[in-house]
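> Shown below is the structure under consideration.
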Amino acid sequence: MRVHWISWIMAVSAVLPVYAQSGGPGSDVVMNAMRDEMARSMKQLTVENLEKPYFVSYRVVESDTTSIAASFGALNHSTNSHSRRLTVEVRVGDYKLDSSHLFSYNADMGTRLQIFNGTTALPVEDDYKEIRRQIWLATDETYKKAVQDLSRKRGILQTQSREDEADDFSKEEPQVSSDELPAVKVNVPEWEKEARELSAIFRKMPGIYTSTVVMNCFNTYTRYLTSEGTSYTRRQPTVAFTISAGTQATDGMPLDDLRWMEGRTLREMPTQQEMTARVEELGRELSELREAPTLANYSGPVLVEGDAAPLLFRWLLMPNLTGIKRTINGMPGAQMNANQTESAFLDKVGARVLPEFLSLTDNPTIREYQSRPLAGYAKMDEDGMPSREVKLIENGILKNLLMSRDPVRGFDHSTGSRHAGQATPSNVIVTVSNGLSREELRAKFLDLVKQRNRPFGIAVRMTRNGTPALNAVLAYKVFPDGHEELIRGIQFFGFNVLSFKDVVAASRDLNYMTLRYQPPRGQFGMLNEGEDNFTPVSMMVPSVLFEDVTMRKIRAAAPTPPILKHPFFDK
């Protein structure tokens, strides 16, 4: 194979003077370099006797990050960083069958160590020549791999049937847009002082072994350009506070929990006084859990309320409302990657997946709901497609899935939902047609407990995605007379996405939570092709009542508690 190096070099020489004349004050050097190299690649990028790319995209993500963390009143770190990351996507073939969605890895030594999965670092200076050189190298490497992948993929498909006959890429109208929010400016000394003071609250809690307060600010600026003509720029600030703490019960059972807060502006974040209350609440709950009893097993009515409700929907329901294209394994003997399984709902359109009194919508086009700020707002998705409201479940019936430009069986086009590299939710709103008040829902819960002749029911108020089941971090026995007893170390058993059909009642009021959503990743933690590895999702979800759920004690080996006491409290 012979690359047309002479014509390529002549093309570069022709472009550089043009840029020197057209550039000027206020021009975007990075985007100019992207456009110039894109034009050259689509015209010149080819190897003799092999196919040219039919689609190329460049994504440059520029991040300014401030991160401050403190433990027990002392700073752990206070850092500021500035970076640029380029991701190149090259598709060879055509929209029906191309080089994408194949798991393969080439362990060549050399530039592949720097340019992995089409991603490489760019200089943070606006140096046109160096940025252009890096884009050229990344495009070259990605194109060569795409050519090899298409050949390998065609060979695999000659020996095995293709289960999903959907196209590899959807045809969409080109879009040009921009959404640039004001950057968030952090007063670093004030944040350091606040982190010290908040983390020092744990000095009053001898039962807490580990604790950290983390305050992060991310100002992200993205430039995106495709060979089809789609382009966008986006400035998206994110402020995130995390409080985490851990301890052990006397029998050694690990106990830990966290509080996560995220917003687009400092105004959306809690005040220091509100943060103080959350630190104290977290410490108090963990201290009480240390002394709480365990429960071997339970089967009966379960009320999921408070923060547990949106977390239950996030962990079990939402991943099945996205259309993720299956990846072909191009490495015989390698473990299948995270995207080998289909959504449990892919063939359930028109079927009931929730009770008829519940509907679920994803709406990234709104900034607030019921006076609550929504962090999932986006004018466009990472494919540059306009965001839009998607009614996923209506009166319990599945109507749609969230899609990127990677079609799956029965879903041919994007819903403008690609974030963090794959189709993901944004602002999730669950509405209830005959919702009950908090008091009415609790009364119905206790009636079910009596009907089932159970000595108590269980109310769950915090959950975590455990292995292999969903863990109830905060769970309470609720007795017929209404009094409660905290229990620890219990998890849902045999509970899955199909269990949502068994919800018997839901609250009128919604539980609000903003959390970070990470789509499933491929094998070996392949670098993400989106703007970030996570995307913020705001969820508005009612408390829900299940008539019959099985729960049991978490069965895992527990480490031995510390031999000596916490030194700060050992007087």
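The values are calculated or read from the model by the stated rules, or taken from the named source; none is laboratory data. Not measured: the values here are computed from a predicted model. Here the Cβ is made from the backbone with ideal geometry for all residues, glycine too, and neighbour counts use every protein chain on show.
> Kindly establish whether residue 343 is outside any strand (DSSP E or B) and either more than 22 Å from residue 498 (Cβ to Cβ) or touching a strand residue (DSSP E or B) at 6+ places or on another chain (Cβ under 7 Å) (or both).
yes
> Across the range 528-553, which residue is modelled with the lowest pLDDT among those that are part of a loop (DSSP other than H, G, I, E, B) and buried (at least 18 other Cβ atoms within 10 Å of the Cβ)?
Selected residue: 528.
> Can you tell me which residue is farthest from residue 497 (Cα to Cα) among those in the range 284-329 that are among the aromatic types (Phe, Trp, Tyr) and modelled with pLDDT of 95 or more?
Among those that are among the aromatic types (Phe, Trp, Tyr) and modelled with pLDDT of 95 or more, it is 298.
> Need at least 1 residues that are loosely packed, with under 15 Cβ neighbours inside 10 Å and out of contact with any Phe, Trp or Tyr (no Cβ under 8 Å at 6 or more places or on another chain) per element, so show me which strands (runs of 3 or more DSSP E) inside the range 183-281 make the cut, counting only ones lying wholly within it.
Once the strands (runs of 3 or more DSSP E) in the range 183-281 are filtered for at least 1 residues that are loosely packed, with under 15 Cβ neighbours inside 10 Å and out of contact with any Phe, Trp or Tyr (no Cβ under 8 Å at 6 or more places or on another chain), what remains is 210-226.
> Which of (1) surrounded by fewer than 21 Cβ atoms within 10 Å (Cβ to Cβ); (2) closer than 17 Å to residue 253 by Cα; (3) modelled with pLDDT of 95 or more is the odd one out, the single condition residue 562 does not satisfy?
Going through the list (1) surrounded by fewer than 21 Cβ atoms within 10 Å (Cβ to Cβ); (2) closer than 17 Å to residue 253 by Cα; (3) modelled with pLDDT of 95 or more, residue 562 breaks only (3).
> So, one more: Taking residue 431, is it at pLDDT 95 or above, hydroxyl-bearing (Ser, Thr, Tyr) and in contact with a helix residue (DSSP H, G or I) (Cβ under 9 Å, 6 or more places away or on another chain)?
No.
> For the range 38-63, what are the residues that are crowded, with 19+ Cβ neighbours inside 10 Å and within 25 Å of residue 419 (Cα to Cα)?
Those that are crowded, with 19+ Cβ neighbours inside 10 Å and within 25 Å of residue 419 (Cα to Cα): 38, 53, 55, 56, 57, 58, 59, 60, 61.
Let's see how each residue does on (1) closer than 21 Å to residue 512 by Cα; (2) basic (Lys, Arg); (3) under 17 Å from the mean Cα position of the chain (by Cα); (4) outside any loop (DSSP other than H, G, I, E, B):
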| residue | (1), (2), (3), (4) |
| --- | --- |
| 366 | yes, no, no, no |
| 376 | yes, no, yes, no |
| 384 | no, no, no, no |
| 405 | no, yes, no, no |
| 430 | yes, no, no, yes |
| 434 | yes, no, no, no |
| 439 | yes, no, no, yes |
| 446 | no, no, no, yes |
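A quick yes/no check of all residues on (1) within 23 Å of residue 317 (Cα to Cα); (2) touching a Gly at 6+ places or on another chain (Cβ under 9 Å); (3) modelled with pLDDT of 95 or more:
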site: 445; (1), (2), (3): yes, yes, yes
site: 450; (1), (2), (3): no, no, yes
site: 455; (1), (2), (3): no, no, yes
site: 462; (1), (2), (3): yes, yes, yes
site: 474; (1), (2), (3): yes, yes, yes
site: 484; (1), (2), (3): no, no, yes
site: 488; (1), (2), (3): no, no, yes
site: 496; (1), (2), (3): yes, no, no
site: 503; (1), (2), (3): yes, no, yes
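> Filter the range 554-566 for residues that are basic (Lys, Arg) and either part of a strand (DSSP E or B) or closer than 21 Å to residue 295 by Cβ (or both) and give the result.
Correct list: 555 only.
> Still on this structure: For the structure I just gave you, tell me whether residue 357 is surrounded by 21 or more Cβ atoms within 10 Å (Cβ to Cβ) and modelled with pLDDT of 95 or more.
no
> Does residue 250 count as in contact with a strand residue (DSSP E or B) (Cβ under 9 Å, 6 or more places away or on another chain) and of a type in the set (Ser, Thr, Tyr)?
no
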